[in-house]
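Read through the structure below, which is laid out as structure tokens, and then see the notes.
The values are calculated or read from the model by the stated rules, or taken from the named source; none is laboratory data. Since the structure is predicted, the reported quantities are computational estimates derived from the model, not experimental observations. Here the Cβ positions follow ideal geometry from the backbone for every residue, glycine too, while neighbour counts run over all protein chains shown.
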Amino acid sequence: MNIPTKLPQIGQSIFTKMSMLATEYNAINLSQGFPDFDCADPLKKLVTHYMNEGFNQYAPSPGLPQLRQAIAKNAMQKYGVNCDEEDITITSGATQALFAAITCIVKPGDEVILIEPAYDSYKPVIQLAGGMARSYELSAPDYKIDWTAFAKFITIKTRLIIINNPHNPTGKVLEKEDLIQLQKLVQGTDIVILSDEVYEQMVFDGKEHWSVLRFPELRERSFITYSFGKTFHATGWKMGYCIAPPALTKEFRRVHQFIVFSVNTPIQYALANYITDPATFQGVSDMYEQKRNLFMEVTAGSRLKPIHCEGSYFMLFDYSDISDEPDTEFAIRMTKEFGVAAIPVSPFYSSKLDEKVIRLCFAKQDEVLRKAGELLCKM
């Protein structure tokens, strides 16, 4: 059969490639973004409880009311904003939420502005929807947005702007002024914002997370996506949610119902129970900040130059003092010869911009980070 691909330029993911190499060479896998430690026992016990109690059939398509109510309550506690449960949809991970948000709003011929380096799922979904991605590139080491330059990317065809805060892969966070500038740019337009905030609970150095929820004029035109998996160290559960105003939620759910219809029922009940105590979120940021600090300490003797991480659980390193190899070749050699797997940053750019930077994930047990640090200091 001749089956033409809808994504001709998409091959094997760099994450798959590097994880396979890590396994083949028995390397420490700091490439793929997932913790190597388990989620909390009380949360697991709640899931088991609801399974054993027979809560194993379809949940309502938008999600359990009690879970959406608990999310709304937490939004008030964290950001001081009122959220109606009808503005919240439970999704099968944040990636499914991103897919539904993009495909429900982007039509053939629409333009979508990406801020690159960008999470690798955005662009393929734009292409599947018939849209055209326009890439605004950030540069190492500061990765700051020049909003005057950014404004030049907006045209009459611009339908969607995607932001990611805290940012993967750079570990940078947007300041209040960044959101104010974005708000000014889209005033008086029909441009929609997609704000990917899956690392909202991981912001360091006393900084604040300036969620789009805190800016009324942005919120009224935004999809905002979140991840329980990132927050509670359970990425394999694929549990997330999207908050959007009524008109956008209506369109979002048109698509959502035909992707998954509804999401894992006993886990929804467990989360609804678990997050009613605000303390469940406390300590997440401090724990990851401690791991970031430890990782900086154990790599301090290496020739890698750290690029300061303000949020998320990723850290970038400039390796130009070690090699002038392209970043993908360097990451492969690093895995094979030095036993630590990293992700090159160039695949996060449409242009494949190579600034001799790699990404390492520090969401690992302390002893793993220390061992990785020993190996990296030998390069």
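Within this structure, PHE37 passes the test of being within 22 Å of the chain's Cα centre (by Cα) and surrounded by fewer than 15 Cβ atoms within 10 Å (Cβ to Cβ).
Restricting LYS172, LYS184, LYS207 to residues that are among the basic types (Lys, Arg), closer than 23 Å to ALA151 by Cβ and assigned to a loop (DSSP other than H, G, I, E, B) narrows the list to LYS172.
Run THR155 past the list (1) β-branched (Val, Ile, Thr); (2) in contact with a Ser or Thr (Cβ under 9 Å, 6 or more places away or on another chain); (3) farther than 30 Å from PHE362 by Cα and report the number of the one that doesn't hold. Result: THR155 fails condition (2) only. No other residue among LYS73, LYS78, LYS123 is within 24 Å of LYS17 (Cβ to Cβ), in a helix (DSSP H, G or I) and not hydroxyl-bearing (Ser, Thr, Tyr) apart from LYS123. Considering segment 326-354, and only residues there that are assigned to a loop (DSSP other than H, G, I, E, B), touching a residue at least 12 places away in the same chain (Cβ under 8 Å) and in contact with a helix residue (DSSP H, G or I) (Cβ under 8 Å, 6 or more places away or on another chain), the residue that is farthest from GLN127 (Cα to Cα) turns out to be GLY339. Checking the stated criteria, TYR79 turns out not to satisfy the condition of being over 21 Å from PRO246 (Cβ atoms) and not aliphatic (A, V, I, L, M).
The sole residue among ILE243, ILE307, ILE267, ILE275 that is aliphatic (A, V, I, L, M), touching a Pro at 6+ places or on another chain (Cβ under 8 Å) and modelled with pLDDT of 95 or more is ILE307. I'd like to verify a number: residues in segment 133-157 that are touching a helix residue (DSSP H, G or I) at 6+ places or on another chain (Cβ under 9 Å) and buried (at least 16 other Cβ atoms within 10 Å of the Cβ), how many? Number of matching residues: 6. Selection within segment 272-302: residues that are closer than 30 Å to ILE358 by Cβ and among the β-branched types (Val, Ile, Thr). The member of this set that is nearest to the chain's Cα centre (by Cα) is VAL284.
When segment 264-318 is limited to residues that are under 30 Å from GLY54 (Cβ atoms) and of a type in the set (A, V, I, L, M, F, W, C), the one that is surrounded by the most Cβ atoms within 10 Å (Cβ to Cβ) turns out to be LEU271.
Of the residues screened, VAL186 is not one that is touching a residue at least 60 places away in the same chain (Cβ under 8 Å) and among the hydrophobic types (A, V, I, L, M, F, W, C). The single residue among GLY93, GLY33 that is of a type outside the set (Asp, Glu) and on the phi > 0 side of the Ramachandran plot turns out to be GLY93.
Pairing residues of segment 149-161 that are in the same structural domain as LYS123 (by TED's automatic domain parsing) with residues that are crowded, with 16+ Cβ neighbours inside 10 Å and of a type in the set (Ser, Thr, Tyr), at Cβ distances under 6 Å and at least 6 apart in sequence or on separate chains, gives PHE150/TYR136; PHE153/TYR136.
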